[in-house]
């Protein structure tokens, strides 16, 4: 739609308040603010939800195998070397790592707490950037023998530093003539990691595989085999090939099965938030309708004079369409700039608000992550922007049509 200079001049004139009420009328201002806040909020919420999913997915895929292989009959896997070799030959498989995982009781200076002990080979530990690349104390090369790695929150909670001793108590005790005696072993803290996920940083202890086998009395055995593939998002295609290579005596559990309920909940919450926040933009669009209808009613005499001076119905329609669309366009652009700026700096804003209020706004114990993530999907930003513009334009059609259909004779008669 092409607007003439005359139409643009009249439309902007109608947007200006007459009684020194500001740049535009009060209702139009509320409409503009409503659209701006709706667009900004929708962009920010979508960015945070995308950030949550991306961060959790990256941490989960970096810390755990994309496919875990277990013995079908339950219990440990014996002779895992041959199985690992067969799986490693599957196209697309990048690594196969044996793992031992079990519960243990941690004892430090009389204080005790539960923990998850995961045994892995030192070379496998070093190949995981989520672990080896996030060492905040000590060094990843120190992982081996009786030197273990713990999370930063466990270290802070128990007051441990690199070089300190930690005693682990295994639930698999040693049989004696007087009953089962608990197995205790002292380990040295060789490295402290900070992966950014509260569950791992607070509860997980990584132990060298051979040491874990001795501690849990699992000689030359593994709880599972962790299989890493080149494209974890297409895990279903790999799963059948890995299952065929491993054999019928083994069962497969991929990362999507383990975390399906969690990611489905995130997706449902994301869709619901999009729907609810879209209503804010819709309400603001209804405000545009009401403000334009009032403007048409107020400018009835002006419309009649314009018609008698030669203005066509199309010109009148374009004038009021431009007046209403300007509110929507300005509000959408303002919301776009505000939302993108806020999403790009959301962690800095969170820390500033925490320092200002003295309260913790994003607890790692509740939200799993230690920092507030945000990932802007520009395609989604474009969809939100187009939706806001579409609703704004649609809201102006009926009032503009009413103005164009106004009979100048009737308008002048009742003035």
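Details
- Yes/no for residue 125 being surrounded by 21 or more Cβ atoms within 10 Å (Cβ to Cβ) and farther than 28 Å from residue 71 by Cα: no
- Contacts under 6 angstrom Cβ, first residue in the stretch 301-327 being touching a residue at least 60 places away in the same chain (Cβ under 8 Å) and at positive phi, partner part of a helix (DSSP H, G or I) and surrounded by fewer than 17 Cβ atoms within 10 Å (Cβ to Cβ), 6 or more apart: none
- Residue that is modelled with the highest pLDDT, among those in the stretch 123-152 that are touching a helix residue (DSSP H, G or I) at 6+ places or on another chain (Cβ under 7 Å), in a loop (DSSP other than H, G, I, E, B) and closer than 18 Å to residue 63 by Cα: 143
- Flag for residue 331 being in a helix (DSSP H, G or I), surrounded by 21 or more Cβ atoms within 10 Å (Cβ to Cβ) and modelled with pLDDT of 75 or more: yes
- Residue match in the stretch 277-295 (condition: in a helix (DSSP H, G or I), at negative phi, surrounded by 15 or more Cβ atoms within 10 Å (Cβ to Cβ) and free of Cβ contacts under 8 Å to residues at least 60 places away in the same chain): no
- Residues within the stretch 54-91 that are at pLDDT below 85, under 30 Å from the mean Cα position of the chain (by Cα) and not in a loop (DSSP other than H, G, I, E, B), tallied: 10
- When residue 310 is tested against (1) part of a helix (DSSP H, G or I); (2) surrounded by fewer than 20 Cβ atoms within 10 Å (Cβ to Cβ), only condition (1) is not met.
- Answer from 94, 120 - the residue that is within 15 Å of residue 221 (Cα to Cα) and at pLDDT 85 or above: 120
- Residue pairs whose Cβ atoms lie under 8 Å apart, separated by 6 or more positions or on different chains, with the first residue in the stretch 22-40 and on the phi > 0 side of the Ramachandran plot and part of a helix (DSSP H, G or I) and the second surrounded by 17 or more Cβ atoms within 10 Å (Cβ to Cβ) and modelled with pLDDT under 85, do not occur.
- Restricted to the stretch 196-220, and to residues there that are buried (at least 19 other Cβ atoms within 10 Å of the Cβ) and in a loop (DSSP other than H, G, I, E, B), the residue that is farthest from the chain's Cα centre (by Cα) is 218.
- Top-ranked residue in the stretch 185-195 [being touching a residue at least 40 places away in the same chain (Cβ under 8 Å) and part of a strand (DSSP E or B); ranked as surrounded by the most Cβ atoms within 10 Å (Cβ to Cβ)]: 193
- For residue 265, the conditions (1) over 17 Å from residue 402 (Cβ atoms); (2) surrounded by 14 or more Cβ atoms within 10 Å (Cβ to Cβ) all hold with the exception of (2).
- Hey, residue 160 out of contact with any helix residue (DSSP H, G or I) (no Cβ under 6 Å at 6 or more places or on another chain), in contact (Cβ under 8 Å) with a residue 40 or more places away in the chain and part of a loop (DSSP other than H, G, I, E, B) or not: yes
- Pairing each residue of the stretch 76-98 that is on the phi > 0 side of the Ramachandran plot and touching a residue at least 24 places away in the same chain (Cβ under 8 Å) with any residue that is outside any helix (DSSP H, G or I) and surrounded by 13 or more Cβ atoms within 10 Å (Cβ to Cβ), provided the two are 6+ apart or on different chains, yields C-beta distances under 7 Å for 92/229.
- Filter pass, residue 382 being at pLDDT 75 or above, over 19 Å from the mean Cα position of the chain (by Cα), under 24 Å from residue 32 (Cα atoms) and part of a helix (DSSP H, G or I): no
The values are calculated or read from the model by the stated rules, or taken from the named source; none is laboratory data. Computed from a prediction, not measured in an experiment: that's the story for all the values here. Here Cβ is always computed from backbone atoms with ideal geometry, including for glycine, and neighbour counts include all displayed protein chains.
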